[in-house]
1. Give the residues of segment A:169-185 that are within 16 Å of ligand 2 (Cβ to nearest atom) and either within 14 Å of another protein chain (Cβ to nearest Cβ) or surrounded by fewer than 16 Cβ atoms within 10 Å (Cβ to Cβ) (or both), sorted by residue number.
2. Provide a single number: the residues in segment A:93-119 that are within 7 Å of chain B (Cβ to nearest Cβ) and of a type in the set (Lys, Arg).
3. So for segment A:143-161 (the condition being closer than 16 Å to A:Phe91 by Cα, buried (at least 16 other Cβ atoms within 10 Å of the Cβ), facing chain B (nearest Cβ under 10 Å) and within 19 Å of the chain's Cα centre (by Cα)), does at least one residue qualify?
4. Test B:Ala66 against the criterion of being assigned to a helix (DSSP H, G or I) and touching a Gly at 6+ places or on another chain (Cβ under 8 Å), and give yes or no.
5. Which residue is farthest from the other protein chains (Cβ to nearest Cβ), if the candidates are limited to segment B:227-250 and must be more than 18 Å from A:Met100 (Cα to Cα) and assigned to a helix (DSSP H, G or I)?
6. Suppose we filter segment A:57-86 for residues that are surrounded by 19 or more Cβ atoms within 10 Å (Cβ to Cβ) and in contact with a Pro (Cβ under 6 Å, 6 or more places away or on another chain); how many remain?
7. Provide a single number: the residues in segment A:237-259 that are at pLDDT below 95 and outside any helix (DSSP H, G or I).
8. Would a scan of segment A:8-22 turn up a residue that is within 9 Å of ligand 1 (Cβ to nearest atom) and within 14 Å of another protein chain (Cβ to nearest Cβ)?
Amino acid sequence: MSKRIDVTDLNVYYGDFKAVEDVSLTVEPRTVMAFIGPSGCGKSTMLRTLNRMHEVIPNAYVEGSVKLDGDDLYGPGVDPVRVRRQVGMVFQRPNPFPTMSVADNVLAGVKLNNKRISTSKSKELLENSLRAANLWHEVKDRLDRPASGLSGGQQQRLCIARALAVQPEVILMDEPCSALDPISTLAIEDLIGELKESYTVVIVTHNMQQAARVSDMTAFFNLSAQDKPGRLIEIGTTDKVFSNPDRKATEDYISGRFG
Amino acid sequence: MATLTRATSASLTSGRLPSWVTGLLLSVAILGSATFFLAVGSPGLLRILFTGALIFASVMMVASLAVEGRRRAKDRLSGIVVTSAFVLALLPLISLVLSVVRYGSQRFDLQFFIYSMRSVVGEGGGAAHAITGTLWVTGLATVISVPIGILAAIYLVEYGTGPLARSITFFVDVMTGIPSIVAGLFAYSVFVLIFGPGTESGLAGAVALSVLMMPVVVRSTEELLRVVPNELREAAYALGVPKWLTVLKVVLPTALAGIVTGVMLAVARVIGETAPLLIAAGFTQSLNNNPLSGPMMTLPVFVYRSYVDQGSPASAYLERAWAGALTLILIVMILNLAGRLVAARFAPKSGR
Ligand SMILES: Nc1ncnc2c1ncn2[C@@H]1O[C@H](COP(=O)(O)OP(=O)(O)O)[C@@H](O)[C@H]1O
Ligand SMILES: [Mg+2]
């Protein structure tokens, strides 16, 4: 598992509004890429183009190409539903399905797709996904209870387990810790460290320390003015971007002078 | 250093009327007003209650002003006004239920439920034909309008954009305002055009009712689907679930409890309709379990016919009318309870 992402000359639009302009970048397999930058510079927008979630919004579209191990996600005949089974996503706010139990939430990708799967297989998938999300020990006695009874941090790890159960190649995370307390945040950061052994991970974060802690590569986005499209300013290894950035704007942002 | 004098006293406590005062004053006021009207010789429940409430409100205000101060007194006054408005709104309902139960229970016997009015003149007989008819007609109306209504709402919320969705919304709004008699005439004329003049049937009645039900179902379902958080849809999409399965298995179950309640309200709204059924389903004295042919009696029409076409003794007809009304109210109540049970069963579970 785990695939390489190549983005070339990507422009992203909401109707007439160009939100992100001219982005090219590469994410290697089994690494963590962090997207950082001030609010509104298009990090979430950029992230959502990587699994074709962007076009869920009416009139939203994309120019350019995003390749997953060489296969263009936006090529003719590509089914966005299939793309999303390979590129999973975790959202800013934990969003477990309120009508389902903990177990059903983890298996949602299977059950909602009407796939038949044997009881032993589904038990195995359930346990493996929860273990991979470091949640098994906390919930193994309450698998049949509603997911809404879990704490925020547990719900977020449940959402990660749910994404893992689809067995994707890539995991996208949009500020996965911004709604969580420090301890849950730490749990998720540890988890990201483990996930990169088997997946390609792209994470959006507002927290510089977090980017420095969890990521191998960092991409800094910025926008020149309100209502102007966001652009990729600098990309490189996290060490390089944080200790010795090439661009003045990157340095200013990282040292907290704006944003 | 100059000290500022505080405008209000720094004390955190203030005078407070003990809670039993309210009850005491209320009973004294009502007793007083009762004694007065009895002494004058014109007792009347409404008169006594109204005067009692007025006396209570003024005494309470004065007492509160004296002991508790202006702010609390205002609070008391608004409390009294709101409570009286509530009681006032409730009075007609209570009075209605009481009289329906009182008059309706006289013929609320087994015979009423197992006999029709076939060859019954005068006393005896029952409303079996009207009860089954009402169940048939409203049941069919529900079967027709609920799927169409829910699908239309799903289209409007999940798929619809542009002129088609806008025109559907517009026509649903127009349908909400259709007078029920017009719905009856519409259904009747449709069936007459197809099956020839004089065609009355349970199905025609059901069509008339579904014209009335559909906009209610669309509107309430639409509102409930709109409040399902978008995050849940996106969560499903991100798992590689196609849109139609997302709607079917995530959006609908989340909104189901509310949708069931909405459908129940829609049923309750049409089950008491009289005029459209009088035209489209007609009336008859005998049991008809075939909604496709022949007139079919329904409870509201049964009540209406028993009242306008009193035979002799008239009391037998009137008692049957009241019993019919009571049955109708009970059916609506049972439907509501069932709806609530179903809604509670399907409501999103909260684990805390
Ligand atoms: N659903 C949307 N419709 C229209 N414009 C949007 C939408 N979502 C975001 N935008 C715009 O796109 C730009 C980038 O937003 P976003 O990707 O959310 O930024 P970030 O995640 O970096 O804070 C902003 O100007 C925002 O106003
Ligand atoms: Mg964002």
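The values are calculated or read from the model by the stated rules, or taken from the named source; none is laboratory data. Note that the coordinates shown come from a computational prediction; the quantities given were computed from them, not determined experimentally. Backbone-built Cβ (ideal geometry, glycine too); neighbour counts: all protein chains shown.
1. First, pick out the residues of segment A:169-185 that are within 16 Å of ligand 2 (Cβ to nearest atom): A:172-180.
The answer is A:Leu172, A:Met173, A:Asp174, A:Glu175, A:Pro176, A:Ser178, A:Ala179.
2. 1
3. Within segment A:143-161, one or more residues are closer than 16 Å to A:Phe91 by Cα, buried (at least 16 other Cβ atoms within 10 Å of the Cβ), facing chain B (nearest Cβ under 10 Å) and within 19 Å of the chain's Cα centre (by Cα).
4. Working: assigned to a helix (DSSP H, G or I): yes; touching a Gly at 6+ places or on another chain (Cβ under 8 Å): no.
In short, no.
5. Checked segment B:227-250; the qualifying residue farthest from the other protein chains (Cβ to nearest Cβ) is B:Trp244.
6. The qualifying residues number 1.
7. Residues in segment A:237-259 being at pLDDT below 95 and outside any helix (DSSP H, G or I): 9 in total.
8. Yes - at least one qualifying residue is present in segment A:8-22.
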